[in-house]
Amino acid sequence: MREREPVPITDPVSHRNGDVSVRERGTTPRGAQEARRGGRRSGGHKHARSRESDGSPPGWARSRVLLLNATFEPLTALPLKRAIVLVVCGKAEIVHNDPSGFVLHSARTAIPVPSVIRLGNYVRVPYRAQVPLTRAGIMHRDRCRCAYCGSKATTVDHVVPRSRGGAHTWQNCVACCSKCNHRKADRLLAELGWTLRTVPEAPRGPYWRLLTQINDRDADWRPYLGAPAA
């Protein structure tokens, strides 16, 4: 007797247009087979789609906004999204718009992208006696110049080496070029006959507290940050 051919078991597959087709169970779509084999169907288009569909906002949307107290004292630098929320809720007002001129639109209102905003109510800020020690702060204080020879600095050096009891403080850390850093090693300045070009001191003021968030293009921030003082 002639055997009947087995009937393939099928399951429905939905398409984007809402139609339903039938696919044999156990089979794999052509695109998936090529993906498993490591092949590419359209590498260029895939790369282009990843840039457009990754959900990342444009460059200007990732900027930060300077937040001022009611007394125009700089407090911090906020992400743009948080700054917009404060403005919409009426807790802050826009002092300067972003130079780009971008405007954010909603169903009922339009808000220009801010560069500086100011709180409506005064917020008491605890006194900050010392600016946190950072590599960026040291480089900025020393203007990216080696404290020993004056050439371009690429690293940070401890005047009194840590192995000789030196502390990790503003007064003991200076910007340094790689050549001087290698020659000095763990020796003292007196042993080398070297002298410092300037005496390192701890900086102070709101300018330095916001140093890591400052962008050179934010010219509107400068009048509120004041001159850097060491």
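The values are calculated or read from the model by the stated rules, or taken from the named source; none is laboratory data. For clarity, every value in this text was computed on a predicted model and none was experimentally measured. Note: ideal-geometry Cβ built from the backbone for every residue, glycine included; neighbour counts use all protein chains shown. Surface accessibility is based on the protein's heavy atoms, side chains included, excluding ligands, DNA and RNA. Shrake-Rupley method; radii C 1.70, N 1.55, O 1.52, S 1.80 Å.
Computed quantities for the displayed model
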| read-out | value |
| --- | --- |
| Flag for Gly150 being open to solvent by less than 50 Å² (accessible area, probe 1.4 Å) and either touching a Leu at 6+ places or on another chain (Cβ under 6 Å) or within 16 Å of Ala202 (Cα to Cα) (or both) | no |
| Entirely in segment 87-136, the strands (runs of 3 or more DSSP E) that have 1 or more residues that are among the polar types (S, T, N, Q), open to solvent by 50 Å² or more (accessible area, probe 1.4 Å) and farther than 30 Å from Ala153 by Cα | 92-97 |
| Pairs, first at pLDDT below 85 in segment 61-82, second assigned to a helix (DSSP H, G or I) and among the acidic types (Asp, Glu), C-beta under 8 Å, six or more apart | none |
